[in-house]
Amino acid sequence: MKTLINNTALLVTLTILFSLNINASVFNLSEETYIDDIPFNTTEVFNNIIAEQNLTEFNFNDEAYIEDISFDTKGVTSDCLYNKAISTDFQFDEEQYVDDIPFDTECISSECLYRKAVVVEFCFEDEGYIDDISL
């Protein structure tokens, strides 16, 4: 019964609020026409602000290009990096030798030479028939 009273009270309150909200929207404002009688120029506004602040305007003339100093940035950079690299003394700890990777340089070099030889195309000239071998 208590729940029924609470639900009824809530329903009545919401109904009253919605009806007041619907009745409150009686005011319908008409659309105003656009009046373009106020000129607005952003350049003029900016110039007025600058004039009010009394800021000094600096105008610099372009200087002529003078090529009396030879300057190669790539060369200077590489020289600087070279001097920096040779002036650093690198101290490395001695590493212990690990013999866990089998590596046979003779086998690898012979395989490399074989692969190079297979790629080469040999062109031989036709030889004349020689009948000097007796069977």
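In table form, for the structure just shown:
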item: Qualifying residue in the range 86-100 (condition: surrounded by 10 or more Cβ atoms within 10 Å (Cβ to Cβ), modelled with pLDDT of 85 or more and not β-branched (Val, Ile, Thr)); result: no
item: Condition met for Ala64 (at pLDDT 80 or above and in a loop (DSSP other than H, G, I, E, B)); result: yes
item: Criterion: at pLDDT below 85, of a type in the set (D, E, K, R) and either in contact with a Phe, Trp or Tyr (Cβ under 9 Å, 6 or more places away or on another chain) or outside any loop (DSSP other than H, G, I, E, B) (or both) - qualifying residue of Glu111, Glu52, Glu125; result: Glu52
item: Search result, residues across the range 21-35 that are of a type outside the set (A, V, I, L, M) and at pLDDT 70 or above; result: Asn28, Ser30, Glu31, Glu32, Thr33, Tyr34
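The values are calculated or read from the model by the stated rules, or taken from the named source; none is laboratory data. A quick note: this is a predicted structure, and the numbers were derived from the prediction, not measured. In this analysis, Cβ positions are derived from the backbone assuming ideal geometry, glycine residues included, and neighbour counts consider all displayed protein chains.
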